[in-house]
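A short write-up of the structure that comes next.
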Amino acid sequence: MNPQQLEKYTSAITLSDMEIFVFPELMFSLVLADIMSPAIWQWRELDCFKKLEGKSSYRKLMRLRQFIMDEFDFNLDLETWGLTNKDKEIKRFADFIPPEVIAESNALFGYHGDSYYFDVDIRKHFGLDKYNSDIIPYWKTETVEAMNAFRLKDGYKTAAGECVSLAALYVAAAFIVCEIPLEDIYMILTPLHSQNFIDTQDGMLSNNRRLVTKTMWFNGTAISNKAQRALRNENITIVAHPSGYVHCLYKDATIDKQLYKQFTQKLGLYLSAELTLEVFASFLRSRMEYQKLFQLCRNCHGQPNFLRAESLFHYEHGSDYKIACKTHDKLLAEVSDEDFTPYELPGRVRCDRLEDFLQKQKPDLSRPAGKTALRNFLEPAIADAQKFVDELADFVHIEPKLPSLDKNFVSAEPIKIPSDYTREQIIDYLRQIRQSNTTADLAFYAYRDMESCDWEPFIKAAVERNPVSIQMTESMSLEQVFDWLNKMNNDSIYDGNRLAQPDEVANYKTGDGLEKAFLLANVIRQKSPAQNIEIVSDENGVVLKGPNQYRFVSAKGLQKQVSISTDGTITIKD
């Protein structure tokens with residue numbers, strides 16, 4: 001590998017958010033690694049999914065959502081994967097993206113797309129204020145094995161992962177468990193978030209552990225408002241798909257152009273809602289300050305009764321029924337008679353007349369005429385009706401800041417995996433296309449398939465980008481580190497001939513002997529930089545030769561002789 005190739009392939013091992021930003025094909029490589037993993041395939045045998053065999057993909061998706069919410073936590077802990085610094089990362093990627101361009105597109109390097117984070121101070125929000133301004137988190141995206149292994153970490157009772165990890169998990173699980181075709185899923189990355197658009201029914205967005213239907217997207221609840229924040233405020237940096245990717249900075253795009261056009265249209269439809277009374281009520285639910293401008297009217301024994309809108313929203317808060325939907329009458333039945341008045345409340349819009357206006361006029365708030373019509377209707381009761389209408393228009397229509405269609409769409413071999421393929425068939429297929437498809441080839445590195453991959457990217461990552469194991473052993477001598485490693489369990493979090501990185505061993509306090517040897521090599525490189533290191537792995541175990549000789553027991557059966565010189569040169573022999 002030349003230096004540029006090596007940087008990309010070693011990034012497939014550590015999969016930091018920054019690495020995925022620079023090498024966008026890595027996003028779908030992680031998905032393929034999760035699909036190749038036996039972990040998610042085992043979910044299909046669970047009773048909760050077995051009993052849904054033959055049911056619709058939508059039903060299965062709803063069950064998958066609950067399963068992921070029960071089994072996984074969202075984790076954004078700075079300490080999990082350690083810290084790096086801006087200058088180091090900018091220098092590392094200078095050959096790929098100019099530093100000033102990185103600052104325009106990456107949150108921790110100066111990006112200001114989401115005003116919310118910068119209003120609260122992004123460094124304080126992420127807990128970075130205790131470090132100097134050059135320090136940034138070295139966030140790594142976890143494979144499904146690393147996510148599951150959080151159960152072994154102190155303070156965790158379930159699996160866990162950050163947003164990019166959860167997005168990749170959702171794609172793999174939707175394909176394996178729910179039989180959603182990969183072609184129907186588009187991954188959407190912004191500087192501060194990662195989610196997926198699933199092209200089913202009216203569309204669905206994954207958001208960390210949740211799935212959000214179009215109805216939920218526009219229900220005006222606090223959870224939905226948070227789910228909207230990334231697409232409302234941030235530039236979309238990458239859209240990844242089995243046919244390829246499009247990146248906000250790169251002129252070349254490998255995604256199928258026609259599919260990308262269709263995606264932009266479908267996402268646009270998902271992010272826009274027809275203005276009905278139910279959607280209007282959702283707007284008031286999210287903008288409580290406007291509730292006092294409206295009243296509801298009911299017929300009581302032939303006489304009109306009136307109710308303050310804020311009173312009904314108060315009842316809704318503790319009820320299973322919702323305003324302006326099918327359960328509206330049931331909600332009204334829960335309201336105390338004392339809350340109704342026999343006279344129309346002055347200075348408030350009547351919702352029955354509003355509904356009649358919406359049904360007859362059908363104002364389109366994306367057009368000036370629609371805004372004017374609604375403003376004229378509301379002005380008798382609302383002083384600044386134009387401001388109200390503008391905010392309502394913004395609520396019912398979000399314009400995503402997608403990478404431009406003005407790209408050089410290059411022809412690339414798409415990844416086509418039938419939904420009925422077995423895990424073994426998928427792995428065989430990906431092996432067959434590795435030579436012609438970089439994303440598929442990188443997937444085996446993200447999968448940590450040490451039997452078929454060049455070892456240099458793995459070793460380079462192990463001794464250059466694993467700061468947690470260095471931090472944990474800072475006060476230990478090498479003999480104490482060796483003793484610490486020997487007291488750990490000898491079980492790898494990865495099955496077969498796949499290997500964990502040093503920080504995964506350190507975080508989860510378990511690892512095969514070969515994995516422990518690479519952790520010790522990482523520590524020696526820090527504590528004794530003038531020391532050459534040799535690791536010999538064979539069927540009898542692993543021996544690390546450094547200041548002393550250290551022997552570990554390994555069940556991996558991998559036979560290699562690795563030398564790491566003082567200048568970082570890596571030599572590998574079979």
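Listed residues Asp154, Asp256; which is out of contact with any His (no Cβ under 7 Å at 6 or more places or on another chain), free of Cβ contacts under 8 Å to residues at least 12 places away in the same chain and farther than 30 Å from Thr276 by Cβ?
Asp154
Per-residue answers, yes or no, for (1) buried (at least 24 other Cβ atoms within 10 Å of the Cβ); (2) at pLDDT below 95; (3) over 26 Å from Asp34 (Cβ atoms); (4) out of contact with any Phe, Trp or Tyr (no Cβ under 6 Å at 6 or more places or on another chain):
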residue: Asp483; (1), (2), (3), (4): no, no, yes, yes
residue: Asn490; (1), (2), (3), (4): no, no, no, yes
residue: Lys509; (1), (2), (3), (4): no, no, no, yes
residue: Asp512; (1), (2), (3), (4): yes, no, no, yes
residue: Lys516; (1), (2), (3), (4): yes, no, no, no
residue: Asn522; (1), (2), (3), (4): yes, no, no, yes
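Going by what's in this entry, would Leu332 be described as touching a residue at least 60 places away in the same chain (Cβ under 8 Å), of a type in the set (A, V, I, L, M) and in a helix (DSSP H, G or I)? It is false that Leu332 is touching a residue at least 60 places away in the same chain (Cβ under 8 Å), of a type in the set (A, V, I, L, M) and in a helix (DSSP H, G or I). Hey, any hits in segment 340-348 for a residue that's out of contact with any Leu (no Cβ under 9 Å at 6 or more places or on another chain) and in a helix (DSSP H, G or I)? Checked against the condition, which is being out of contact with any Leu (no Cβ under 9 Å at 6 or more places or on another chain) and in a helix (DSSP H, G or I), segment 340-348 yields no hits at all.
Scanning segment 316-329 for residues that are outside any loop (DSSP other than H, G, I, E, B) and either more than 21 Å from Tyr290 (Cα to Cα) or at pLDDT 95 or above (or both) yields a total of 1.
Being outside the structural domain of Asp390 (by TED's automatic domain parsing), basic (Lys, Arg) and at pLDDT 95 or above, is that true of even one residue in segment 216-235? Among the residues of segment 216-235, not one is outside the structural domain of Asp390 (by TED's automatic domain parsing), basic (Lys, Arg) and at pLDDT 95 or above, which makes the answer no. Can you tell me which residue within segment 82-102, out of those that are within 24 Å of Ala506 (Cα to Cα) and surrounded by fewer than 19 Cβ atoms within 10 Å (Cβ to Cβ), is farthest from the chain's Cα centre (by Cα)? My answer is Lys88. The listed residues are Leu64, Leu15, and the only one of them that is buried (at least 20 other Cβ atoms within 10 Å of the Cβ), touching a strand residue (DSSP E or B) at 6+ places or on another chain (Cβ under 8 Å), of a type outside the set (Ser, Thr, Tyr) and at positive phi turns out to be Leu15.
The number of residues in segment 8-65 being modelled with pLDDT under 95, among the polar types (S, T, N, Q) and either in contact with a Phe, Trp or Tyr (Cβ under 9 Å, 6 or more places away or on another chain) or not in a helix (DSSP H, G or I) (or both) comes to 2. Residues that are within 15 Å of Val239 (Cα to Cα) and of a type in the set (A, V, I, L, M) were ranked within segment 142-188; the one that is surrounded by the fewest Cβ atoms within 10 Å (Cβ to Cβ) is Leu182. Out of Thr200, Thr141, one residue alone is at pLDDT below 95, closer than 19 Å to Tyr58 by Cα and either touching a Ser or Thr at 6+ places or on another chain (Cβ under 8 Å) or not assigned by TED's automatic domain parsing to the domain that holds Arg44 (or both). It is Thr200. Leu405 satisfies every condition listed in (1) touching a strand residue (DSSP E or B) at 6+ places or on another chain (Cβ under 9 Å); (2) in the same structural domain as Val144 (by TED's automatic domain parsing); (3) surrounded by fewer than 19 Cβ atoms within 10 Å (Cβ to Cβ); (4) not in a loop (DSSP other than H, G, I, E, B) except (4). Here Ser311 clears all of (1) farther than 18 Å from Leu392 by Cβ; (2) surrounded by 16 or more Cβ atoms within 10 Å (Cβ to Cβ); (3) assigned by TED's automatic domain parsing to the domain that holds Lys407 except the condition numbered (3). When segment 446-475 is filtered for residues that are among the hydroxyl-bearing types (Ser, Thr, Tyr) and either touching a Pro at 6+ places or on another chain (Cβ under 6 Å) or modelled with pLDDT under 95 (or both), only Ser469 remains.
Considering segment 422-443, the residues that are without any contact (Cβ under 8 Å) to a residue 40 or more places away in the chain, of a type outside the set (D, E, K, R) and in a helix (DSSP H, G or I) include one that is nearest to Ser11 (Cα to Cα), namely Ile433. Of all positions in segment 15-25, at least one carries a residue that is under 21 Å from Ser492 (Cα atoms) and either in the same structural domain as Pro99 (by TED's automatic domain parsing) or of a type in the set (Lys, Arg) (or both). Residue count for segment 66-91 under the criterion of being part of a helix (DSSP H, G or I) and modelled with pLDDT of 95 or more: the result is 6.
In the set (1) surrounded by 19 or more Cβ atoms within 10 Å (Cβ to Cβ); (2) in contact with a Phe, Trp or Tyr (Cβ under 9 Å, 6 or more places away or on another chain); (3) of a type in the set (D, E, K, R), the condition left unmet by Asp449 is number (2). Among the residues of segment 149-163, those identified as at pLDDT 95 or above and outside any loop (DSSP other than H, G, I, E, B) are Ala149, Phe150, Arg151, Leu152, Ala159, Ala160, Gly161. Being polar (S, T, N, Q), buried (at least 16 other Cβ atoms within 10 Å of the Cβ) and either touching a helix residue (DSSP H, G or I) at 6+ places or on another chain (Cβ under 9 Å) or not assigned by TED's automatic domain parsing to the domain that holds Lys140 (or both) is true of Asn466.
The values are calculated or read from the model by the stated rules, or taken from the named source; none is laboratory data. Given the structure is predicted, the values throughout are model-derived calculations rather than measurements. Counting neighbours? That spans all protein chains shown, and the Cβs are built from the backbone with ideal geometry, glycine included.
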